[in-house]
Amino acid sequence: MKKQFDVAILGAGLAGRLAAWRLVRAGRRVALIERAGPDGAGAAAHVAAAMLAPLAESAISERRIVELGLASVDLWRAWVDELAGEAGTGERVFFQEAGTLVVWHAHDRGEMPLFTSRVRAVAPPELVGERMRRLDAGGIAGLEPALAGRFQQGLLLAGEGQLDNRAVLRVLLACAVAAGVHCVWEAGEVDEGDLARLGIDARAVLDCRGLGARAAWPAEGGTGSRGPLPGLRGLRGEVARVYAPDVELHRPVRLLHPRYPIYIAPKPNHLFVIGATELESEDDSPMSVRSALELLSAAYSLHPAFGEARVLELNVQRRPTRPDHLPAIRVDQQACVVRLNGLYRHGFLISPAVVQAACEVVDALLAGDPAAHAVSASVRWPGMIAPVHGAAVLH
Ligand SMILES: Cc1cc2nc3c(=O)[nH]c(=O)nc-3n(C[C@H](O)[C@H](O)[C@H](O)COP(=O)(O)OP(=O)(O)OC[C@H]3O[C@@H](n4cnc5c(N)ncnc54)[C@H](O)[C@@H]3O)c2cc1C
C-alpha cells in the first residue's frame, strides 16, 4: 500500500530540508527522500562555511547573487526565530550579522583595489556606500583585538552574516519531522522513477539532489569551440575545520592574497572553518597535501595561535554549478516535477529566496495552474524559473 503525499522531495541537503520545512508548515503532506543518512554528511551543506556575504561575494559573482542574497538574509533572520520557536530540538541556530572583515598583508596591498573595484562593479552603489568601510590598524584592533598590530589596513563589510551550517541542517530536519514530514533515509541514488518502489505516491516532485541530479540537467550551448557545457557540474571545494581555543574572532575574516585567498569563519565553541579551494574538478577524493598546506599556512599567517589549533576535519565536497553560475528552477508541467539546482558556492546565502520561489511553483502545480512557471517569483527573478518543454529529461 503506497502512502499519499502532496510533494516528494528528492535530496535532504540544504535546499531539500528548507523546502520540506516550508511546505509542511504551509499544510502540505511531504515526503523527503535522501540517499544517505540524516546527519547530512552526503551534502555540500555539511562542509560549508555558511557565510552570508553578499558584498564579499560580489567580487566574484553577478548582481543576481547579491540581490538573492539580500532577500535571503532577511528571510534567514525571520526563519531562525521561527525555527527556535517550533517543536524541534529546542536548539537555536547560531546566526549573526557582525559583518565580514577583509585584511591583507602589506606586500599584498595591490589586491585591495582589485577587490574593491570588482565589488563596486557588481553591487548596488548604495549598498557599497553604506556597508563598505575602510579601517586602519586601530579600527581593526577595535573590531578584532586578536588581530591588533597584525594588519595596517582592512575593510569592514558591515552587516554581513553567517550561520552554523550543521545546526541549520539539524534544526531544519527536527522541525520538519516534528511538523509531520515523512523521511526515507539511505534510499540510494534515486530519481522520481523510484518513488513507487519506495511506497510513495506524490502529486508533485521537487528535485533538490544538488550534484546528484546531474543527469536531469542536459548540456547547454555548443556553438563555442569548447562544445556544449554540462548543464550541471561539480566544483571541488576543500575546507579545514579546526579547534583553536586560543583564537577569538567575532566575525568571518577574509585574507586577500594573490595565490591563497582564504576565509576563516568562526563557529561557536572556538571552532573555525578555514576555506576554501575552488577547483574545476569533479574529483571528490580526500584533500591534497598542497591544499592543506595552503589553507593552514594562510590561517597561521593570519594569527600564529592557529599553529596550536587542532585539525578536526579536512573536508572535500563539490559545489553544484550551472554554466552561468546562477541558480535555476526548471518546471516539467506534464510530469509535475520541479528541479532546483545550481546553488554553487552560495547555497546558504541565497537558498531561502530560491527555495521560496520553488515552493511557489510547487503550489501552482498542485493547484493545477497551466502556467506554473509564471509565478510571481519569476517576475521578481527573471530567467530563474523556466519550463521544460517536450519529453522529460530523465536518463
Ligand atoms: C567547501 C564549501 C564551502 C561553502 N561555503 C559556503 C558559504 O560560506 N556560504 C554559502 O552560501 N554557501 C557555501 N557553500 C555552498 C553550499 O554548501 C551549497 O551551495 C549548498 O549546499 C547546495 O545545496 P543543495 O541542497 O543544492 O545541495 P547539497 O547541500 O549538496 O544537498 C544535496 C542532497 O541530495 C542528496 N542526493 C544527491 N543525489 C541523490 C540521489 N540520487 N538520491 C537521493 N538523494 C540524493 C545528497 O546526499 C545531499 O544530501 C559551500 C560549499 C562548499 C563545498
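The values are calculated or read from the model by the stated rules, or taken from the named source; none is laboratory data. In this text the structure is predicted, and so the values were computed from the model without any measurement. Glycine also receives a Cβ, built like all others from the backbone with ideal geometry; neighbour counts cover every protein chain displayed.
Give the residues of the range 293-302 that are touching a residue at least 40 places away in the same chain (Cβ under 8 Å) and crowded, with 17+ Cβ neighbours inside 10 Å, sorted by residue number.
Restricting attention to the range 293-302, the residues satisfying the condition of being touching a residue at least 40 places away in the same chain (Cβ under 8 Å) are 295-296, 298-299, 301-302.
Selection gives 295, 296, 298, 299, 302.
For residues that are in a strand (DSSP E or B) and either within 15 Å of the ligand (Cβ to nearest atom) or touching a Phe, Trp or Tyr at 6+ places or on another chain (Cβ under 6 Å) (or both), tally how many sit in the range 283-317. Outline the logic, then answer.
Looking only at the range 283-317, we keep the residues that are in a strand (DSSP E or B), and these are 310-317.
Retained after the next criterion (residues that are either within 15 Å of the ligand (Cβ to nearest atom) or touching a Phe, Trp or Tyr at 6+ places or on another chain (Cβ under 6 Å) (or both)): 310, 312-317.
Residues that pass the stated criteria total 7.
Cβ contacts < 7 Å: first residue outside any loop (DSSP other than H, G, I, E, B), restricted to the range 378-395; second residue polar (S, T, N, Q) and modelled with pLDDT under 95, any location; separation 6+ or different chain. Result?
Partner pairs satisfying both residue conditions: none exist.
Among the residues of the range 5-16, are any out of contact with any Ser or Thr (no Cβ under 7 Å at 6 or more places or on another chain) and part of a helix (DSSP H, G or I)?
Applying the first criterion (out of contact with any Ser or Thr (no Cβ under 7 Å at 6 or more places or on another chain)) to the range 5-16 yields 5-13, 16.
Filter again for part of a helix (DSSP H, G or I), leaving 16.
Yes: one or more hits.
So which pairs qualify, if the first residue must be in the range 225-244 and free of Cβ contacts under 8 Å to residues at least 24 places away in the same chain, the second must be in a strand (DSSP E or B) and surrounded by fewer than 21 Cβ atoms within 10 Å (Cβ to Cβ), the Cβ gap must be under 6 Å, and the two must be at least 6 apart or on different chains?
As it stands, the answer is 228/221, since those pairs meet every condition given.
It is to be established whether one or more residues within the range 21-30 are closer than 15 Å to residue 177 by Cβ, buried (at least 24 other Cβ atoms within 10 Å of the Cβ), within 19 Å of the chain's Cα centre (by Cα) and more than 6 Å from the ligand (Cβ to nearest atom). Explain how you work it out, then say what you get.
Here is the first cut: in the range 21-30, the ones closer than 15 Å to residue 177 by Cβ are 21-25, 28-30.
From what's left, buried (at least 24 other Cβ atoms within 10 Å of the Cβ): 21, 23, 30.
Remaining after also requiring within 19 Å of the chain's Cα centre (by Cα): 21.
From what is left, the residues that are more than 6 Å from the ligand (Cβ to nearest atom) are 21.
The answer is yes, given that some residue of the range 21-30 is closer than 15 Å to residue 177 by Cβ, buried (at least 24 other Cβ atoms within 10 Å of the Cβ), within 19 Å of the chain's Cα centre (by Cα) and more than 6 Å from the ligand (Cβ to nearest atom).
Go through the residues of the range 152-166 one by one and say whether even a single one is over 26 Å from residue 106 (Cα atoms) and assigned to a helix (DSSP H, G or I).
yes
Please specify each residue of the range 196-229 satisfying the condition of being away from the ligand (no atom under 11 Å from the Cβ) and in a loop (DSSP other than H, G, I, E, B).
Residues satisfying the conditions are 196, 197, 199, 217, 218, 219, 222, 223, 224, 225, 226, 227.
Going through the range 201-218 one residue at a time, which ones are surrounded by fewer than 21 Cβ atoms within 10 Å (Cβ to Cβ) and either under 28 Å from residue 86 (Cα atoms) or over 23 Å from the mean Cα position of the chain (by Cα) (or both)?
Selection gives 201, 203.
What single numbered condition from (1) among the hydrophobic types (A, V, I, L, M, F, W, C); (2) crowded, with 21+ Cβ neighbours inside 10 Å; (3) closer than 26 Å to residue 55 by Cβ; (4) touching a helix residue (DSSP H, G or I) at 6+ places or on another chain (Cβ under 6 Å) fails to hold for residue 171?
(3)
Counting only residues that are surrounded by fewer than 22 Cβ atoms within 10 Å (Cβ to Cβ) and modelled with pLDDT of 95 or more, how many does the range 224-233 have?
2
When the range 248-280 is examined, which residues are found to be surrounded by 19 or more Cβ atoms within 10 Å (Cβ to Cβ), among the charged types (D, E, K, R) and part of a loop (DSSP other than H, G, I, E, B)?
Correct list: 251 only.
Only residues that are surrounded by 24 or more Cβ atoms within 10 Å (Cβ to Cβ) and either modelled with pLDDT under 95 or within 8 Å of the ligand (Cβ to nearest atom) (or both): list them for the range 319-341, please.
Residues satisfying the conditions are 320, 340, 341.
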